[in-house]
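See below for the structure under consideration.
The values are calculated or read from the model by the stated rules, or taken from the named source; none is laboratory data. Source: prediction; values computed, not measured. When we count neighbours, we look across all protein chains shown, and the Cβ atoms used for this are built from the backbone with ideal geometry, even at glycine.
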Amino acid sequence: MKLILSCLLLALYVTSYCQVTTGVHNIPHAQNLNARKDTVIESDTTKENKEPQYFYATLSTTAFVNTKGTFGNRFVPSIEIGRTYGIFDLGLATGRTNTIGKGSDTTHYIELRPTINIFSKGRFAEGLCLGAGYIFGAKQALLTEICNSINFNITERYAIAIVQGYEFFDGSNDNTNRQYMGLTFTYNFLKSHSTNLRRKRAALISDK
């Protein structure tokens with residue numbers, strides 16, 4: 001009988017010792033693992049949510065569709081250099097009002113063009129542009145513009161777009177406006193293996 005009681009007491013002592021040992025050494029270790037895991041996830045999430053920022057260059061080939069004249073009277077080539085801040089672009093454009101070298105309306109212009117992406121889905125996006133500029137030497141020298149575009153990102157660096165918009169020309173005595181449509185080609189200056197390139201790639205595939 002004494003032997004049985006001694007065995008029971010020994011078993012209880014061993015069980016209590018194991019529980020205390022487990023509680024002292026294992027629980028903090030598990031908490032540390034969870035803490036490190038949560039920190040890593042939070043850090044990665046914060047990093048991925050940052051928007052890409054980079055410079056870009058856009059070549060535009062547009063034509064006015066509600067004016068008379070030859071293609072040279074209505075064709076408008078231009079180039080825009082700017083910087084992207086996530087869904088917002090701020091660019092400076094320059095070009096000519098047409099490609100015929102006669103008349104005061106055939107002069108160079110410079111224009112500030114802010115653009116915002118109002119919708120995006122995978123590689124597709126829709127942009128809204130509001131521009132203001134000046135035509136050098138023209139009677140209607142003040143230029144304002146509103147346009148929208150449907151953009152397709154071929155890769156992280158290359159994109160094309162179909163653009164439709166209106167330009168308004170204002171002078172001291174008169175004013176005119178013209179509607180245009182055209183195509184644009186954009187190159188994004190993204191370095192290989194850069195953080196902004198990874199963020200741009202993530203933005204293109206996030207909604208697929």
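Side notes on the structure shown:
- When region 139-183 is filtered for residues that are within 20 Å of the chain's Cα centre (by Cα) and in contact (Cβ under 8 Å) with a residue 60 or more places away in the chain, the ones remaining, listed by number, are VAL163, LEU183.
- The lone exception for ASN117 - which of (1) surrounded by fewer than 14 Cβ atoms within 10 Å (Cβ to Cβ); (2) within 19 Å of TYR54 (Cα to Cα); (3) of a type outside the set (Ser, Thr, Tyr) it fails: (1)
- Applying the criterion of being among the aliphatic types (A, V, I, L, M) and surrounded by fewer than 18 Cβ atoms within 10 Å (Cβ to Cβ) to the residues of region 142-161, the residue that is farthest from THR97 (Cα to Cα) is ILE154.
- On the stretch given as region 158-203, residues that are touching a Phe, Trp or Tyr at 6+ places or on another chain (Cβ under 6 Å), not polar (S, T, N, Q) and not in a strand (DSSP E or B) total 1.
- Unmet requirement for GLY122, which otherwise passes all of (1) under 18 Å from GLU51 (Cα atoms); (2) of a type in the set (Gly, Ala, Ser); (3) buried (at least 18 other Cβ atoms within 10 Å of the Cβ): (3)
- Pairs with Cβ under 7 Å, 6+ apart, first in region 184-203 and among the small types (Gly, Ala, Ser), second at pLDDT 90 or above: none
- Total residues in region 65-92, condition assigned to a strand (DSSP E or B) and over 20 Å from GLY127 (Cβ atoms): 1
- Residue satisfying condition, being in a strand (DSSP E or B), crowded, with 18+ Cβ neighbours inside 10 Å and out of contact with any Phe, Trp or Tyr (no Cβ under 7 Å at 6 or more places or on another chain), within set GLY95, GLY131: GLY131
- Of note, ALA203 satisfies the criterion of being under 18 Å from GLN53 (Cα atoms) and among the hydrophobic types (A, V, I, L, M, F, W, C).
- Hey, PHE169 over 16 Å from GLN53 (Cβ atoms) and buried (at least 19 other Cβ atoms within 10 Å of the Cβ) or not: yes
- Of all the criteria given as (1) of a type outside the set (Gly, Ala, Ser); (2) within 17 Å of PHE64 (Cβ to Cβ); (3) surrounded by 15 or more Cβ atoms within 10 Å (Cβ to Cβ), the one not satisfied by ASN175 is (3).
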